[in-house]
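The values are calculated or read from the model by the stated rules, or taken from the named source; none is laboratory data. Remember, predicted model here, so these are calculated numbers, not experimental data. Positions of Cβ are generated from backbone atoms using ideal geometry, with glycine treated the same way; all protein chains shown enter the neighbour counts. When the accessible area is computed, the model is the full protein with side chains, heavy atoms only, and any ligands, DNA or RNA have been set aside. Shrake-Rupley method; radii C 1.70, N 1.55, O 1.52, S 1.80 Å.
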Amino acid sequence: MRKKLNKTWGLLTVVAFCLLLTSGCDLCPEPITRHNFGNVYVGTTAETPQVCWRNHSKNALEVVGIPLSPLGGPFDMNLGRPFQSFVVQDGNCSPYFTFTFTPVQAGTVTGEAMPQLISGEGRPQALELSGVGVYQIAVGGLIIGGGHINAGDALDFGSVIFPGGAASQQRFNLVNMTNQQIQADAVWSKGSQGFSVVQPAGPITVPPLGRVRVTLQFAPPAVGIFTDGVTFVDQANAQNMAGTAVVGKGVRGE
């Protein structure tokens, strides 16, 4: 009986080893194999940590591209120049890359960045990507709403003449749902887009179970469409945060 069990376990070990080899990859991403961007304001951009692909095969592998899916989707490679093919020697890692997520609408998106090898050279593994495009964020004990906020839309400042036009202002409530006073800092996703907090001066103090009226302003830095996101974050507990995507347009005067 013991011999029979030993043979059975031996066979299972061989099968498991074969499955491991089958599921392995010759070119594997590191230090991560997947990245979740989390909630990202529509019109703003989040970035992955640096990622390379290590060659675990016994041959040099030539990478001729790293296409992203879905095609034309919100994921992109933060390259800044045309992609150039490269060769990864056995045991070595490719150059490091970062990838971005710029949602254009609300909702969850999944995709991947998959190195493309010369046909038949090896088995690459994709870097899995996911993220959620949002217009508003409300986490923990802070809520944003009322005034000019419309759930499911960016806070729109409309068109402002550049240069010299009167700045556009929008208002809403920042609500504290906790029993403790909250002091919140305003954090901009991009910055330098012409948006600012006018009132109250930061940090914003929100009383327990109370609210504060917040006024934002948009003065365009140039002609064009500008987007950003502002998040109000509790100084004492970053798990309390609320914010909104914002959009405004700079136009030429008649």
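For the range 169-254, how big is Rg over Rh, using alpha carbon atoms and the Kirkwood form of Rh?
On the Cα set of the range 169-254, Rg over Rh gives 1.04.
Can you check what the net charge comes to around residue 96, using other residues whose Cβ is under 13 Å from the Cβ of residue 96 (Lys, Arg +1; Asp, Glu -1)?
For residues surrounding residue 96, the net value is -1.
Under a plain spin-label model, where a point goes 7 Å from the Cα along Cα-to-Cβ, how far apart in nm are residue 62 and residue 139?
Taking the simple label geometry, residue 62 and residue 139 are separated by 4.5 nm.
Mind checking the per residue accessible area of the chain for me, 1.4 Å probe, whole number of Å²?
Ligands and nucleic acids excluded, the figure is 55 Å² per residue.
Go ahead and run the numbers for FRET between residue 156 and residue 237, Cβ-Cβ distance against an R0 of 25 Å, rounding to 0.05.
The calculated FRET efficiency here is 0.25.
About the Cα centre of the chain, how large is the charge dipole given +1 on each Lys and Arg Cβ and -1 on each Asp and Glu Cβ? Please answer in debye to the nearest 20.
800
Please pull out the direction-averaged projected area of the chain, using the convex hull of its alpha-carbon atoms, in nm² to one decimal place.
Average projection, Cα convex hull of the chain: 21.3 nm².
Hey, any idea what % of the range 66-210's accessible area is carbon plus sulfur with a 1.4 Å probe?
The value for the range 66-210 is 49 percent carbon and sulfur by accessible area.
Based on Cα coordinates alone, diagonalise the gyration tensor for the range 68-180, multiply each eigenvalue by 5, take square roots, and list the semi-axes in whole Å, largest first.
Largest first, the range 68-180 gives 42, 20, 13 Å.
What do you get for the angle between helix 2-23 and the principal long axis of the chain? Use alpha-carbon atoms, 0 to 90 degrees, nearest ten.
Helix 2-23 sits at roughly 50 degrees to that axis.
Can you classify the range 108-254 as rounded, prolate or oblate using the Cα gyration tensor, where a ≥ b ≥ c are the square roots of its eigenvalues, rounded means a/c under 1.5, and otherwise it's prolate if a/b beats b/c and oblate if not?
oblate
Ignoring everything except DSSP H segments at least 4 long, calculate the 222 nm mean residue ellipticity for the chain; use -39,500 (n - 2.57) per segment, divide by total residues, nearest 500.
-3000 deg cm²/dmol
As an exercise, find the ratio Rg/Rh for the range 148-218 from alpha-carbon atoms, using the Kirkwood inverse-distance average for Rh.
1.02
Wrap a convex hull around the Cα atoms of the range 27-98, take a quarter of its surface area, and give that in square nanometres.
Answer in nm², one decimal: 5.4.
The range 85-162 to the range 195-254: how many Å between their Cα centroids?
Centre-to-centre distance over Cα atoms comes out at 22 Å.
Calculate the FRET efficiency for residue 36 and residue 187 from the Cβ-Cβ distance with a Förster distance of 30 Å, rounded to the nearest 0.05.
My answer for the efficiency is 0.90.
Counting only DSSP beta bridges with both residues in the chain, what percent are antiparallel, rounded to the nearest 5?
Around 85 percent of the beta bridges assigned by DSSP in the chain are antiparallel ones.
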